[in-house]
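First up is the structure itself, then whatever we jot down about it.
We did not get these values from a lab; they are worked out from the coordinates using the rules stated. Computed from a predicted structure; not experimentally measured. No Cβ is skipped: glycine too gets one built from the backbone with ideal geometry, and neighbour counts run over all protein chains shown.
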Amino acid sequence: MRVKIHHEGTNILVIAFLALAIINLPLWLWVRPLVIAIVLTSISAIFYLLIVNFFRSPKRHFQGDRRNVVVSSADGKVVALEEVYEDEFLHCRCIQLSVFMSVLNVHANWFPVDGEVIYSTHHPGRFMAAYLPKSSTENERSTVVIETLEHQYVLMRQVAGAMARRIVTYAQPGEEANIEDHMGFIKFGSRVDLYLPLGTEIYVKIGDTTTGGITPVARLRP
């Protein structure tokens, strides 16, 4: 099956391929014994395949009941599930559900609900490890708020990590949100936080793995 590459990774993959070619070609021409070139080229190939794996861009179709459903925005592991006070936009207590993405996960981010984007902003910040609780409010991050078809608010936050140094957010106010569409991309490991209304029925627990655009993680109360 052909692997589709996200457009965020095209330039990086071209540059990485040229850099590795420049490094490895002299090994085959001038370094002896030849086993050295074989070993180093094999290591380079594995490294390049890891980058290709990181920038995979799967097209996914949610098959379940979409009414009031909240779908995971990211591939990864649930690392936080607690009641918190969200003070940037919602200004109320809500449920925070966070998914951490390792470097082996797909790093495209999906909309968690159907509706309309009403708020989108980027915050500069630190680059602490993304699994730390303080990363949600102190790290570089982007915040997107979606008003659902039943006029409830769901806040989604892309959080940078120790390795993630660039957050890309496509969602802009006034645009349609669809759980099968990409709303952004985070490069090289980080997390996505969802802030849901109190009373939302939660389907996952700490340690569960999720698939972005596929795994239902909650259902909003009508």
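A few comments on the model shown:
- Separation in nanometres of the label points that stand 7 Å from Cα toward Cβ, at LYS4 and ILE23: 3.1 nm
- From phi via Karplus (6.51, -1.76, 1.60), per-residue ³J(HN,Hα) for segment 83-94 in Hz, x at Gly/Pro: 8, 9, 9, 9, 10, 8, 10, 6, 6, 7, 7, 7
- Theoretical FRET efficiency, 1/(1+(r/R0)^6), r = Cβ-Cβ of GLU82 and TYR170, R0 30 Å, to 0.05: 0.60
- Rounded to the nearest 20 debye, the dipole size of segment 69-219 about its Cα centre is 760 debye, using +1 on the Cβ of Lys and Arg and -1 on the Cβ of Asp and Glu.
- Here's how it looks for ILE214: its modeled amide H is under 5 Å from those of SER72, which are all 5 or more places away or on a different chain.
- Selection from VAL99, LEU50, GLN158 lying farthest towards where the dipole of the chain points positive, charges on Cβ: LEU50
- 0 to 90° range, to nearest 10: angle between helix 10-30 axis and the chain longest Cα axis: 20 degrees
- Table column - 3J(HN,Hα) (Hz), segment 169-180, Karplus curve with 6.51, -1.76, 1.60, x for Gly and Pro: 10, 8, 5, 10, x, x, 7, 6, 9, 9, 5, 9
- Computed over segment 1-119: relative contact order in percent, which uses C-alpha pairs under 8 Å that are six or more apart: 26 percent
- With respect to the chain, whose longest principal axis is taken over its alpha-carbon atoms, helix 34-54 is tilted by about 20°.
- Mean Cα-pair separation over length for the chain, i.e. relative contact order, pairs under 8 Å, 6 or more apart, %: 25 percent
- Along segment 100-110 the Karplus relation, 6.51 cos²θ - 1.76 cosθ + 1.60 evaluated at θ = phi - 60°, assigns HN-Hα couplings of 9, 9, 7, 5, 8, 7, 4, 10, 6, 10, 9 Hz to successive residues, with x for each Gly and Pro.
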